[in-house]
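Engineer: To start, I am sharing the structure in question, which I have written as structure tokens.
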Amino acid sequence: MQSLRFWNRIPFLKPLPDKEASPHETQANAVLRPVVFGANDGLVSNLALVMGVAGANPAAGVIVLAGVAGLLAGAFSMAVGEYISVRSQRELLDHQLAFERAQIRETPDQERQILTRVYQGRGFTAEEASHFVDRVFADPEHAATLLIFEEVGLDARSIGSPAAAAGSSFVAFTIGALVPLVPYVLLAGGTAFGTSLGLSLAALALLGFGISRLTHRPPLYASVRQVFLGAAAAAVTFAVGSIIGVQAGG
């Protein structure tokens with residue numbers, strides 16, 4: 001028993017209830033999510049693009065060119081989109097904080113009432129809510145932060161770095177997009193096609209497993225779903241490419 005109590009004092013070795021993983025979001029998951037979904041976007045979009053071009057049966061160099069163009073266009077688009085999204089959230093948070101600070105300075109009683117009503121609505125008695133708000137307003141900056149969270153739903157803890165978001169999205173998308181492209185750089189003909197498709201489907205299954213770890217869904221279900229949707233996208237674009245290739249050749 002003494003030994004068990006010793007190990008339980010170490011946070012990362014302390015067993016979870018019922019030996020199950022914690023269902024709560026962790027900081028690692030918050031970082032991993034954009035990486036996994038960025039890689040998924042890169043893989044699916046470039047697989048569909050490469051298969052679509054391959055369906056038209058062009059020279060190998062054309063497929064590589066299309067794949068590289070799709071990789072760069074998608075990676076930069078993802079990076080810019082993530083940067084603008086996160087930067088806009090941070091700018092909105094800064095604006096709302098400045099506005100809330102002014103409100104606390106100019107109409108503190110009104111802001112106290114707003115926060116008091118919020119916590120009364122959550123089951124606090126009037127006295128408990130008032131006592132809690134008094135403690136919060138002892139630090140105006142803390143009060144401004146809490147009011148922003150309660151009124152607008154903005155929380156600095158959930159808004160990361162714009163540069164980090166852009167960089168991780170760019171790298172993740174690029175890695176995903178390389179999977180269907182690399183076989184066409186190293187191989188040729190049907191071997192390149194089969195290898196590209198096989199590697200892409202295997203990578204989709206792996207990404208499905210990664211997504212299941214984030215969403216707490218059954219891994220087999222997530223992997224099969226990912227492979228099915230990616231294969232469906234590749235099949236549709238390949239069919240369209242084949243039709244266009246036949247018509248162009250005719």
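The values are calculated or read from the model by the stated rules, or taken from the named source; none is laboratory data. From a predicted model like this one, the values you see are computed outputs, not experimental measurements. Note: ideal-geometry Cβ built from the backbone for every residue, glycine included; neighbour counts use all protein chains shown.
Engineer: When Leu186 is evaluated against the numbered criteria (1) free of Cβ contacts under 8 Å to residues at least 60 places away in the same chain; (2) over 22 Å from Met51 (Cα atoms), which criterion, by number, is the only one it fails?
Structural biologist: Among (1) free of Cβ contacts under 8 Å to residues at least 60 places away in the same chain; (2) over 22 Å from Met51 (Cα atoms), Leu186 violates only (2).
Engineer: Which pairs do you get when a residue that is in contact (Cβ under 8 Å) with a residue 24 or more places away in the chain and closer than 13 Å to Gly167 by Cα, found in the range 64-92, comes within reach of a residue that is assigned to a helix (DSSP H, G or I) and aliphatic (A, V, I, L, M), reach meaning Cβ atoms under 6 angstrom, with the pair 6+ apart or on two chains?
Structural biologist: These pairs meet every condition: Ala79/Ala166; Glu82/Ala165; Glu82/Ala166; Tyr83/Ala166; Val86/Ala165.
Per-residue answers, yes or no, for (1) of a type in the set (Gly, Ala, Ser); (2) surrounded by 15 or more Cβ atoms within 10 Å (Cβ to Cβ); (3) farther than 17 Å from Asn40 by Cβ:
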{"position": "Gly208", "(1), (2), (3)": "yes, yes, no"}
{"position": "Ser212", "(1), (2), (3)": "yes, yes, no"}
{"position": "Pro219", "(1), (2), (3)": "no, no, no"}
{"position": "Ala222", "(1), (2), (3)": "yes, yes, no"}
{"position": "Gly230", "(1), (2), (3)": "yes, yes, no"}
{"position": "Thr237", "(1), (2), (3)": "no, yes, no"}
{"position": "Gly245", "(1), (2), (3)": "yes, yes, yes"}
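Engineer: So in the range 54-73, with the set limited to residues that are on the phi < 0 side of the Ramachandran plot and in contact with a Gly (Cβ under 6 Å, 6 or more places away or on another chain), which one is surrounded by the fewest Cβ atoms within 10 Å (Cβ to Cβ)?
Structural biologist: Within the range 54-73, the match that is surrounded by the fewest Cβ atoms within 10 Å (Cβ to Cβ) is Ala56.
Engineer: Oh, and also: How many of the residues making up the range 99-157 are over 26 Å from Val86 (Cα atoms) and either in contact with a Ser or Thr (Cβ under 7 Å, 6 or more places away or on another chain) or of a type in the set (Val, Ile, Thr) (or both)?
Structural biologist: Adding up the residues that qualify gives 10.
Engineer: In addition: Could you grab me the full set of residues in the range 78-128 that are of a type outside the set (Val, Ile, Thr) and part of a loop (DSSP other than H, G, I, E, B)? Give the steps one after another, and end with the answer.
Structural biologist: Just the residues of the range 78-128 that are of a type outside the set (Val, Ile, Thr), to begin with: 78-79, 81-83, 85, 87-103, 105-106, 108-113, 115, 117, 119-124, 126-128.
Gly121, Arg122, Gly123, Phe124 - these are the residues of the range 78-128 that are of a type outside the set (Val, Ile, Thr) and part of a loop (DSSP other than H, G, I, E, B).
Engineer: Still on this model: Do any helices (runs of 4 or more DSSP H) lying entirely in the range 140-250 carry at least 3 residues that are under 17 Å from the mean Cα position of the chain (by Cα), and which ones are they?
Structural biologist: On the way: elements: 140-152, 162-186, 189-215, 219-249.
It comes to 162-186, 189-215.
Engineer: Can I ask one more? Looking at the range 41-50, can you tell me whether even one residue there is surrounded by fewer than 23 Cβ atoms within 10 Å (Cβ to Cβ), acidic (Asp, Glu) and modelled with pLDDT of 85 or more?
Structural biologist: Yes, the conditions are met somewhere in the range 41-50.
Engineer: So, of the residues in the range 137-151 that are touching an Asp or Glu at 6+ places or on another chain (Cβ under 9 Å) and not small (Gly, Ala, Ser), which turns out to be surrounded by the most Cβ atoms within 10 Å (Cβ to Cβ)?
Structural biologist: Step one: list which residues in the range 137-151 are touching an Asp or Glu at 6+ places or on another chain (Cβ under 9 Å), which gives 137, 143-145, 147-149, 151.
If we keep only those that are not small (Gly, Ala, Ser) too, we end up with 137, 145, 147-149, 151.
Details: Phe137: 18, Thr145: 20, Leu147: 24, Ile148: 20, Phe149: 14, Glu151: 14.
Top of the filtered list is Leu147.
Engineer: Of a type outside the set (Ser, Thr, Tyr), under 30 Å from Val50 (Cβ atoms) and either part of a helix (DSSP H, G or I) or touching a Gly at 6+ places or on another chain (Cβ under 8 Å) (or both), is that true of Val133? Break it down stepwise before answering.
Structural biologist: Values: of a type outside the set (Ser, Thr, Tyr): yes; under 30 Å from Val50 (Cβ atoms): no; either part of a helix (DSSP H, G or I) or touching a Gly at 6+ places or on another chain (Cβ under 8 Å) (or both): yes.
No, not satisfied.
Engineer: Moving on to the next point. In contact with a His (Cβ under 9 Å, 6 or more places away or on another chain), within 17 Å of Ile104 (Cα to Cα) and aliphatic (A, V, I, L, M), is that true of Val152?
Structural biologist: Details: in contact with a His (Cβ under 9 Å, 6 or more places away or on another chain): no; within 17 Å of Ile104 (Cα to Cα): yes; aliphatic (A, V, I, L, M): yes.
The answer is no for Val152.
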